[in-house]
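Heads up, the thing below is written out as structure tokens.
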Amino acid sequence: MPYYVYKISPGPTKLVSALEKLGQYDSFKEAKQHARGLRAELSEDDKCQIKVMFAETELEAEEQLMEKREAPILREWEK
């Protein structure tokens with residue numbers, strides 16, 4: 001399965017984000033290096049995120065990125 005690199009731009013609401021596919025790689029190492037390079041180019045004011053997704057298809061990767069995940073629970077010792 002390939003690794004996809006996406007740029008996630010904030011949309012008009014928290015539930016809607018704009019996804020832009022930036023690359024597709026067969027190995028995680030290549031995808032990670034590309035993502036790190038792109039993150040280094042982002043300015044501090046930029047609200048975009050660069051993420052690497054592992055999925056069978058491009059559609060599946062985009063669905064995983066659009067899933068709403070609950071925030072993790074912080075334990076007392078993690079604060």
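Each value in this text was obtained by applying a stated rule to the coordinates, not by laboratory testing. Values in this document were obtained by computation on a predicted structure and should not be read as measured data. So basically every Cβ, Gly included, is an ideal-geometry build from the backbone, and we count neighbours across all protein chains shown.
Bridgeable aspartates and glutamates around residue 21 (alpha carbons under 20 Å apart, same-chain partners fewer than 8 residues away excluded): 30, 41, 46, 56, 58, 60, 62, 63, 67.
Can you sort 36, 75 by how many other beta carbons sit within 10 Å, fewest first?
On the way: 36 12, 75 7.
By the 10 Å Cβ count, ascending: 75, 36.
Partners of residue 47 within straight-line reach, counting aspartates and glutamates whose Cα lies under 17 Å from its Cα and excluding those fewer than 8 residues away in the same chain: 20.
Principal semi-axes of the equivalent ellipsoid, √(5λ) from the alpha carbon gyration tensor of region 3-64, are 20, 17, 6 Å from largest down.
Each of 53, 1 was scored by other Cβ atoms within 10 Å of its Cβ. Arranged with the fewest first, they read 1, 53.
Per residue, the average separation of C-alpha pairs within less than 8 Å and at least 6 apart gives the chain a relative contact order of 36 percent.
In which sequence would 27, 17 go, from the one with the fewest C-beta neighbours within 10 Å to the one with the most?
Values: 27 10, 17 16.
Sorted ascending by nearby Cβ count, the order is 27, 17.
So if R0 is 25 Å, what FRET efficiency would residue 77 and residue 1 give, r being the distance between their Cβ atoms, rounded to the nearest 0.05?
Efficiency, rounded to the nearest 0.05: 0.10.
Given 0.36 nm per residue, what is the gain on full extension from residue 8 to residue 43 after removing their alpha carbon distance, in nm? Each step should come with its number before you reach the end.
Details: separation 35, 0.36 × 35 = 12.60 nm, distance 1.46 nm.
Roughly 11.1 nm would be gained on extension.
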